[in-house]
Amino acid sequence: MIRTSNWIDEAKVYKAGLSIEEIKEKFSLERVYKLASNENPLPPPEGLLKVLTSKLEDIHRYPSYVRPVVQAASRYYEVEPGQLVLGNGSSELIDKLMQAYGEPGSAVLISEKSFPLYALCAQVHRLHVHKASMGKDLRVNIKEMLSVLQKNKNIRLVFISNPNNPTGSYITHAEVEELLSACRDKDMLVVLDEAYQEFVRAKDFPHSLSLLKEYPNLVLLRSMSKVMGLAGLRAGVMLAHPSIVKSMKKVICPFNVNILALRAMLYCFSDKGFKDYLSNSKQLVWKGLDYFYTELNRLGLEFYPSQGNFLLFSLGRSDAFSTLLKKGLILRPLNEPGLEKYLRMSIGLEQENKKAIELIQELGNDFCE
Ligand SMILES: Cc1ncc(COP(=O)(O)O)c(C=O)c1O
């Protein structure tokens, strides 16, 4: 076997959520519910389907629509076109930021119990990872992050998922400013990964776009896989100072976003009718979250309120994931120390949420017997 580098030997493969078809076949089930990947359960609007299917005759050409999409996105986010980079999902942008700004021997600072891709990408780019601990509230702890920063001079990038996947918690505008002002003159990027920001109901959530002008080392990531419903097409956006955009363009492969994804992005950023889809998606998530809070309370199960389109709850047993799987409910188990008995559940359609509660209740009863 050909040897890889030690860094790659030790890297882990990102585990995507299990597929409905896989579980149907494995357990001979007719119906399987998947609330595992924080996707938008609403199917795409007709207008978007039309845009995607009406013009397929040019797919033998490389995609050449980046400029109009960047312009539409710049109007949407109210930034200059030079402050934007489009990505093959925001995952690609996470990876490329590490490639562009990580140097041999340098490190990335993240919080424990946050999005696993940060640590996986860091390893692949031969970067060390420092993790700041969280308190019992499962919130990213800015004081801890600042203390790790103080002690480790090799940190080049800080990644914060806000709201945080998987805990659903968030840091406030004041906390973000505290971190940014502490990092103001340091040679490092502060990346706020705001994949779920559209679902936030908290009033003191950061209005991060307003901070871009003041902090040239601030990077914002926006996924289009969540509220915008483009998970299957892979689309994401980075917003930052033009100098960071310039560096990113050096490491991103040509034609990273495909023709269909670009067309879908243009539609999302410019079609007036798409606002209804966004609003329906948010309403669905808020209603679903409130439903889960009520039902989990009724069942006496522990959970954490969430600002995302998912929440963490516990059935008090580490075999809950596999038992629910056999009943046809795919949730997301967590490998984080201290959260072994917790499951992350995405908000689905109303009937999917009801079914999930039915199966969770059934399981609770089985455990009591
Ligand atoms: C916090 C966070 N960031 C980024 C991503 C990746 O999203 P994308 O589909 O845009 O690559 C996810 C996906 O679940 C996420 O939870």
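The values are calculated or read from the model by the stated rules, or taken from the named source; none is laboratory data. All of these numbers come straight from a predicted model, not from anything done at the bench. Don't worry about glycine lacking a Cβ; one is built from the backbone with ideal geometry, like all the others, and counts go over all protein chains shown. With ligands, DNA and RNA removed, areas are computed over all heavy atoms of the protein, side chains included. Shrake-Rupley method; radii C 1.70, N 1.55, O 1.52, S 1.80 Å.
Remarks
- Sequence-distant contacts, meaning Cα pairs under 8 Å at least 6 residues apart, place the relative contact order of region 57-270 at 28 percent.
- Take the chain with all the other protein chains still there, run a 1.4 Å probe, and you get 48 Å² of accessible area per residue.
- Charge dipole (debye, nearest 20) of the chain; +1 at Cβ of Lys and Arg, -1 at Cβ of Asp and Glu: 700 debye
- Alpha-carbon centroids, region 181-248 and region 295-323: separation in whole Å: 29 Å
- Here the contact order of the chain, divided by its residue count and restricted to Cα pairs under 8 Å and six or more residues apart, works out to 22 percent.
- Given LYS55/LYS249; LYS24/LYS354; LYS113/LYS151, the pairs whose alpha carbons are separated by over 26 Å: LYS55/LYS249
- As a ratio to 2.2 N^0.38 Å, the alpha-carbon radius of gyration computed for region 1-82 takes the value 1.77.
- Cα coordinate range in region 57-270, projected on the principal axes (Å, largest first): 55, 40, 30
- FRET efficiency for the pair LYS246 and LYS12, taken as 1/(1 + (r/R0)^6) with r the Cβ-Cβ distance and R0 = 56 Å, rounds to 0.95.
- Taking a sphere under 15 Å around the Cβ of PRO68 and counting the other residues whose Cβ falls inside, with K and R at +1 and D and E at -1, yields a net charge of +2.
- Centre separation in Å (Cα based) which lies between region 140-179 and region 61-89: 28 Å
- For region 25-73, applying the loop criterion from DSSP together with a ceiling of 10 other beta carbons within 10 Å to the trypsin sites (Lys or Arg not before Pro) yields ARG31, ARG61.
- Looking at the chain, the DSSP beta bridges with both ends there are about 50 percent antiparallel.
- Highest-fluctuation residue, ASP58, ASP290, ASP193 considered, GNM on the chain with Cα pairs under 10 Å: ASP58
- For region 282-365, the list of GluC sites (Glu not before Pro) that fall in a loop by DSSP and count at most 16 other C-beta atoms within 10 angstrom reads GLU340.
- Per-residue ellipticity at 222 nm from helix content only, as computed over the chain with -39500 (n - 2.57) for each DSSP H run of at least four residues, stands at -12500 deg cm²/dmol.
- Radius 11 Å from Cβ of ALA100, net charge of other residues (Lys, Arg +1; Asp, Glu -1): +3
- Around the Cα centre of region 116-163, unit charges on the Cβ atoms of Lys, Arg, Asp and Glu (plus for the first two, minus for the last two) sum to a dipole of about 160 debye.
- Ordering ILE8, LEU343, GLY232 by the projection of their Cα atoms onto the charge dipole of the chain, which places +1 on the Cβ of Lys and Arg and -1 on the Cβ of Asp and Glu, puts ILE8 at the extreme positive end.
- Solvent-accessible area, 1.4 Å probe, carbon plus sulfur percent, for region 46-192: 52 percent
- Where GluC sites (Glu not before Pro) fall in DSSP loop in region 12-56, at most 16 other Cβ within 10 Å: GLU30
- Dipole magnitude for region 152-306: about 620 debye, using +1 per Lys or Arg Cβ and -1 per Asp or Glu Cβ, origin at the Cα centre.
- Over all directions, the projected convex hull of the C-alpha atoms in the chain averages 20.4 nm² in area.
- DSSP beta bridge pairing in region 57-270, given as percent antiparallel to the nearest 5: 30 percent
- Projecting the Cα positions of GLN71, PHE115, PHE274 onto the charge dipole of the chain (unit charges on Cβ atoms of Lys, Arg, Asp and Glu, taken about the Cα centre) puts GLN71 furthest along the positive direction.
- Charge sum, other residues only, whose C-beta stays under 14 Å from GLU302's C-beta, Lys/Arg counted +1 and Asp/Glu -1: +2
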